[in-house]
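Heads up, the thing below is written out as structure tokens.
The values are calculated or read from the model by the stated rules, or taken from the named source; none is laboratory data. Since the model is a prediction, treat every value here as computed from it, not as a measurement. All Cβ positions, glycine included, derive from the backbone under ideal geometry; neighbour counts span all protein chains shown. Keep in mind that these areas ignore ligands, DNA and RNA; they rest on the heavy atoms of the full protein, side chains included. Shrake-Rupley method; radii C 1.70, N 1.55, O 1.52, S 1.80 Å.
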Amino acid sequence: MAAKDDYAIDTLLDMGLVSQAQLAQAREHAALHESGVVDALVALKVITPDDVTQARAMAFGHEMVNLLDNRISDDVIAMVSRQIARRYKVVPVFANPGSIAIALSDPADLDTIDSLHHLLKTEVEIRVASEAQIQTALDRYYGADDDTVGQFVREVAEGGIDLAAVKVGGEFGDDGAENEDDAPLIKLVNTIIGDAFKQRASDIHIEPLERKLRIRYRVDGVLIEANSPPKRLQAAMISRLKIQSGMSIAERRIPQDGRIQLEVGNKPIDLRVSCIPTGHGESIVMRILDKTGLKLGLSELGFLTDDQQTFEKLIGLPDGIILVTGPTGSGKTTTLYSCLNYINRPDRKIITVEDPVEYVLAGINQVQVHEVVGLTFAAALRAMLRQAPNVVMLGEIRDLETATIAINASLTGHLVFSTLHTNDAPGAVTRLVDLGVKPFLVASSTRALMAQRLVRKICRRCAAPHTPSESELRILGIDPKNLAGATPMKGRGCNECNKGGYRGRFGIFEIFVMDDEARKLIYDQADNVVLRARARQMGMRTLREDGARKVLAGLTSAEEVIRATTGDAE
């Protein structure tokens, strides 16, 4: 407290908390120590800091509030940004239609009050609280100071990524202006992103729980829990991420999507950000799209030699439709990108329709779906066919209109790639017919159907010979006699793979190549069981059988293949 508090002296006298004799003594003390008189009264223990707060409030006819008694709602806190709250040392208390109550420590600071009227663009009601309570409330609702965040950052980043190597771009909502009050939060968010990138995570999950803020990374398809910041940093951290990704921080009731562009160690990285409200706050998931880490060679996908030769012949056809199927997160989009990269030549025009465009491919025209303005998959596909492409890629076939246009395009001299959400390759036929596509169109247009899953790859640094158990061999359909010439392996765990025994992922596949007999079955509306039996007669290996081959080759483990093919009955 400084000399600015001397306006409260008359109020302290009126309240009976200070006598004239004590006031005279305080003035002598203030003159000796070059301080304010009220400071001197506190130093001499004539009054307490709470007495000063009460006197400040009474001097201007304002109400005194205790910020520690009641929880301030998130909606009210969101009405005053962290920058404003920290800069002016104020805390919003409650809101009424057309006004907001703000707690500050010095009601005589008219410059601050005028600034709040201007910045908040609403009527401001003044409440008075102690400086200590305001600081505590700022830490509770807007995030703690540098020391707390700094300690967490050191714990996470110890021996890890250089924070100076993480640079956030401003293209997707961050104007690049970094207030000094924001520096700890910037460091905190950059540390989490940098640590996830170092661990090769594909996703970052920020999940508010009742008593903690949980951070998890998805590495090679498996969620692992990371060091989590204190719960009190939750609101400030999520607000920071929403600002960076171009979301509204005032809206907390509906899901939002955004995007962040940054560099980690001079590598361009995109984060696709999803935010949804939950019972204990907003949950954020960030998908990491490493533009330099996308391996576009067919061999990197996990094909063995015979399957790769078959697939290369298929994608070299001049027309028809090739569908890749599997659940979300099974690598379908990466497979399609690899196909386009393989056939991309100067004499071919390739156009894609995606939602969203995950990776930018050189020499390929990529269209981003924007349904708000009417640019749907179907509308974009109709327009792109007037561009005279040789090859078309659709991110996903979702409805009859899109399916019909795609199939008609494949029948008029275009090679079409797309994806469907089905469990196996023959199931794609049933799915298209269920959407309403005529069976004869499916039969005449489809060149091949391929289902895929992702399995974790054994870490090559710590791989060691390993014999699968009898039950694993039985489930995979492997004859123990076949182990004689095989090299099954298992990772022992090392620093390279974070003691997990796996590093990276690749695909297991089942490829159903159409022939005349299969087309006749589709035309006759045969069910999935009959189609699958025909595919097996033609030599199609199931997902589990392809996985078993890769177990024998020492590329993955038996338990990984069993986990990924639980639904494979054969």
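In degrees, nearest 10, range 0 to 90: what is the angle between the Cα axis of helix 332-343 and the longest Cα principal axis of the chain?
Compared with the principal axis, the helix lies near 60 degrees.
So what's the back-of-envelope 222 nm ellipticity for the chain, counting only DSSP H runs of four-plus at -39500 (n - 2.57) apiece and dividing by all residues, rounded to 500?
Values: 22 runs with 214 residues, N = 570.
Helix contribution divided over all residues of the chain: -11000 deg cm²/dmol.
Restricting to Cα pairs below 8 Å that are 6+ residues apart, what does the relative contact order work out to for the stretch 1-121? Please round to a whole percent. Could the numbers behind the result be given before it?
Working: 110 pairs, mean separation 23.6, N = 121.
Worked out over the stretch 1-121, it gives 20 percent.
Taking every pair of distinct Cα atoms and averaging 1/r, then inverting, what Kirkwood hydrodynamic radius in Å comes out for the stretch 196-276?
On the way: mean 1/r = 0.0728 Å⁻¹.
Radius from the Kirkwood sum: 13.7 Å.
If each of Val357 and Ser99 carries a label point 7 Å out from its Cα toward its Cβ, how far apart are those two points in nm?
Between Val357 and Ser99, the label points sit 5.2 nm apart.
Which length gain, in nm to one decimal place, applies between His421 and Lys121 when the Cα-Cα distance is subtracted from 0.36 nm times their residue separation?
Residue separation times 0.36 nm, minus the Cα-Cα distance, leaves 103.1 nm.
With θ set to phi - 60° and the Karplus curve 6.51 cos²θ - 1.76 cosθ + 1.60, what are the ³J(HN,Hα) couplings of the stretch 311-320 in order, to the nearest whole Hz, using x for Gly and Pro?
Calculated HN-Hα couplings, in order: 5, 5, 5, 5, 6, x, 5, x, 8, x Hz.
Set the Förster distance to 30 Å, then compute FRET efficiency between Thr48 and Arg71 from the Cβ-Cβ distance, nearest 0.05. Working shown, then result.
Numbers: r = 26 Å, r/R0 = 0.85.
According to the calculation, E is roughly 0.70.
For the stretch 1-107, what percent of Cα pairs sit more than 23 Å apart?
Numbers: 2191 of 5671 pairs.
Tail of the P(r) past 23 Å holds 39 percent of the pairs.
Mind listing P(r) for the stretch 243-349? All alpha-carbon pairs, 5 Å bins, whole percents.
Values per bin, smallest distances first: 2, 9, 15, 16, 13, 13, 11, 9, 6, 4, 1, 0.
If you average the alpha carbon positions of the stretch 408-442 and of the stretch 493-570, how far apart do those two centres end up, in angstrom?
Answer, in whole Å: 20.
7 Å from Cα along Cα→Cβ at both Glu28 and Asp257: what's the point-to-point distance in nm?
Going by the 7 Å Cα→Cβ label model, 7.5 nm.
Does the stretch 409-497 classify as rounded, prolate or oblate by the C-alpha gyration tensor (a ≥ b ≥ c root eigenvalues; a/c under 1.5 gives rounded; else a/b over b/c gives prolate, otherwise oblate)?
Details: a/c = 3.40, a/b = 2.36, b/c = 1.44.
It is prolate, given that a/c is not under 1.5 and a/b is the larger ratio.
Could you sort out which of Lys198/Lys349; Lys198/Lys499; Lys187/Lys457; Lys198/Lys242; Lys349/Lys438 sit more than 27 Å apart by Cα distance in this structure? Walk me through the numbers before you get to the answer.
Numbers: Lys198/Lys349 37 Å; Lys198/Lys499 15 Å; Lys187/Lys457 33 Å; Lys198/Lys242 23 Å; Lys349/Lys438 29 Å.
Result: Lys198/Lys349; Lys187/Lys457; Lys349/Lys438 exceed 27 Å.
Once you keep just the Cα pairs under 8 angstrom separated by 6 or more residues, what percentage relative contact order results for the chain?
On the way: 1008 pairs, mean separation 48.7, N = 570.
9 percent.
Using θ = phi - 60° and the Karplus relation 6.51 cos²θ - 1.76 cosθ + 1.60, list the HN-Hα couplings for the stretch 260-277 in order, rounded to whole Hz, with x at every Gly or Pro.
10, 10, 8, 10, 10, x, 6, 9, x, 10, 10, 10, 8, 10, 10, 10, 9, x
Pull out the extension gain between Met64 and Tyr342, defined as 0.36 nm times the separation in residues minus the alpha carbon to alpha carbon distance; nm, one decimal.
On the way: separation 278, 0.36 × 278 = 100.08 nm, distance 7.12 nm.
Answer, rounded to one decimal: 93.0 nm.
Kindly express, to the nearest 10 degrees and within the range 0 to 90, the angle between helix 400-411's C-alpha long axis and the longest C-alpha principal axis of the chain.
Computed tilt is about 40 degrees.
Mind checking the dipole of the chain: about its Cα centre, +1 per Lys or Arg Cβ, -1 per Asp or Glu Cβ, Debye to the nearest 20? Working shown, then result.
Details: 67 positive and 77 negative charges, 607 e Å.
With Lys and Arg at +1 and Asp and Glu at -1, about 2920 debye.
Would you list the P(r) distribution for the stretch 492-560, with all Cα-Cα distances sorted into 5 Å bins from 0 and each bin expressed as a whole %?
3, 15, 19, 16, 11, 11, 8, 8, 5, 4, 2, 0
Skipping prolines and chain starts, which residues have an amide H placed within reach, meaning under 5 Å, of the one on Thr352, given they are 5 or more residues away or on another chain?
The list, which skips near neighbours in sequence, is Asn365, Gln366, Val367, Met393.
Let me see the pair-distance distribution of the chain: every alpha carbon pair, 10 Å bin width, integer percents in order.
In whole percents, the pair-distance histogram is 3, 14, 19, 19, 16, 11, 7, 5, 4, 2, 0, 0.
For Ala103, list long-range residues whose amide hydrogen, built 1.01 Å from N in the peptide plane, is under 5 Å from its own amide hydrogen.
Val91, Val93, Arg127
Expressed as an acute angle from 0 to 90° and rounded to the nearest 10, what is the orientation of the C-alpha long axis of helix 234-244 relative to the principal long axis of the chain?
Helix 234-244 sits at roughly 60 degrees to that axis.
Rounded to the nearest 0.05, what FRET efficiency do Ser471 and Lys198 have when you use their Cβ-Cβ distance and R0 = 41 Å? Could the numbers behind the result be given before it?
Numbers: r = 37 Å, r/R0 = 0.90.
Approximately 0.65, to the nearest 0.05.
Would you mind calculating the gained length between Gln368 and Arg382 on full extension (0.36 nm times residue separation, minus the Cα-Cα distance), in nm to one decimal?
Numbers: separation 14, 0.36 × 14 = 5.04 nm, distance 1.41 nm.
Once the chain is fully extended between Gln368 and Arg382, it gains 3.6 nm.
Through the Karplus equation 6.51 cos²θ - 1.76 cosθ + 1.60, θ set to phi - 60°, convert the phi angles of the stretch 486-492 into ³J(HN,Hα) values in whole Hz; use x for Gly and Pro.
9, 9, x, 10, 8, x, 7
Under 14 Å from a point placed 7 Å out from the Cα of Glu210 along the Cα-to-Cβ direction: which residues of the stretch 263-280 have their backbone N that close?
Answer for the stretch 263-280: 279-280.
Given R₀ = 35 Å, FRET efficiency for Lys499-Thr310 by Cβ-Cβ distance, to 0.05?
Working: r = 38 Å, r/R0 = 1.08.
Computed FRET efficiency for Lys499 and Thr310 comes out at 0.40.
State whether the stretch 64-149 is rounded, prolate or oblate according to the following rule on the C-alpha gyration tensor (a ≥ b ≥ c being the square roots of its eigenvalues): a/c under 1.5 gives rounded; otherwise a/b larger than b/c gives prolate, and the remaining case gives oblate. List each step's numbers first, then the result.
Numbers: a/c = 1.41, a/b = 1.34, b/c = 1.05.
Rounded.
If you count only protein heavy atoms with a 1.4 Å probe, what accessible area per residue comes out for the chain, rounded to a whole Å²? Display every interim value, and only then the final one.
Values: 26510 Å² over 570 residues.
About 47 Å² of surface per residue is accessible.
Using every Cα-Cα pair within the stretch 300-361, state what percent have a distance larger than 20 Å.
Numbers: 557 of 1891 pairs.
Of the Cα pairs, 29 percent sit more than 20 Å apart.
Under the rule a/c < 1.5 gives rounded, and otherwise a/b versus b/c splits prolate from oblate, where does the stretch 292-435 land using the Cα gyration tensor? Walk me through the numbers before you get to the answer.
Values: a/c = 1.37, a/b = 1.17, b/c = 1.17.
Here the stretch 292-435 falls in the rounded category.
Using Cβ-Cβ distances only, list the Cys residues of the chain with no partner cysteine under 4.7 Å, sorted by number.
Cys275, Cys339
Using a 1.4 Å probe on the protein chains only, how many percent of the accessible area of the stretch 357-433 belongs to carbon and sulfur? Working shown, then result.
Details: 1680 of 3190 Å².
Of all accessible area on the stretch 357-433, carbon and sulfur atoms account for 53 percent.
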